[in-house]
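Below you'll find the structure, written out as structure tokens, and then a few comments.
The values are calculated or read from the model by the stated rules, or taken from the named source; none is laboratory data. Everything quoted here is computed from the prediction, not taken from an experiment. No Cβ is skipped: glycine too gets one built from the backbone with ideal geometry, and neighbour counts run over all protein chains shown.
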Amino acid sequence: MGLVVGTFSMQTKQVNYRKDKVEDELEMTMVCHRPEGLEPLEAQTNFTKRELQALYRGFKNECPSGAVNEETFKQIYSKFFPHGDASTYAHYLFNTFDSTQNGSIKFEDFVMALSTLLRGSIREKLEWTFNLYDINKDGCISKEEMTNIVKAIYDMMGKYTYPALKVEVPRQHVEAFFQKMDKNKDGVITLEEFILSCQEDENIMHSLQLFENVM
Ligand SMILES: [Ca+2]
């Protein structure tokens, strides 16, 4: 989560530091092509109009076409993890940002996710995280799905994790999560089990916080 936010505040700064001409052009683009585009978002997100404008400038700066495809998303994301392979985790993140599942992240998708991750309630944040782990979007998290996400995080961290632990540790993580979260022991975690477990056990919440730091 921190990284996503960091990226965009950085981009916003870059825009601000550029020559006035470029900034004028961006303003013009916004004024010409998105005159009322930001207003519905003001109602739908927890951002002010000013914040949305700054985020929009950052987004347009990085993605002049106004949408990010998966390949570009992976390239941007991988810059932050030069010692590992972030492509699998970026793929799962992309699918979660791409709420309409049409293969591209538009500004609306991006800012809705940011609003949830930065300013949503705990429940909203947990719902978002659940959605990330629920890879096939069938409403529950299987052991296989959780293992895939945890492994993707380990791959992304690269050389900072011991290769020998790569297989064993993610599996142990997943077993420990399931022990606590799969309340009715049916082999999958539902949204309600997920939220209940996180709210009643600080350790799980803490573990999820660790995962959140790489979002
Ligand atoms: Ca699932």
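Taken residue by residue, segment 187-202 has at least one member that is more than 16 Å from the ligand (Cβ to nearest atom), in contact (Cβ under 8 Å) with a residue 12 or more places away in the chain, among the polar types (S, T, N, Q) and part of a helix (DSSP H, G or I).
Matching residues to (1) β-branched (Val, Ile, Thr); (2) modelled with pLDDT of 90 or more; (3) within 16 Å of the ligand (Cβ to nearest atom); (4) surrounded by fewer than 18 Cβ atoms within 10 Å (Cβ to Cβ):
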| residue | (1), (2), (3), (4) |
| --- | --- |
| 119 | no, yes, no, yes |
| 129 | yes, yes, yes, no |
| 132 | no, yes, yes, no |
| 139 | no, yes, yes, yes |
| 149 | yes, yes, yes, no |
| 154 | no, no, no, no |
| 160 | no, no, no, yes |
| 163 | no, no, no, yes |
| 167 | yes, no, no, yes |
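In this structure, residue 183 does not satisfy being at pLDDT 90 or above, within 22 Å of residue 100 (Cβ to Cβ) and either away from the ligand (no atom under 16 Å from the Cβ) or among the small types (Gly, Ala, Ser) (or both). Take segment 79-117 and flag every residue that is within 16 Å of the ligand (Cβ to nearest atom) and either in contact with a Pro (Cβ under 8 Å, 6 or more places away or on another chain) or part of a loop (DSSP other than H, G, I, E, B) (or both). The answer is 101, and nothing else.
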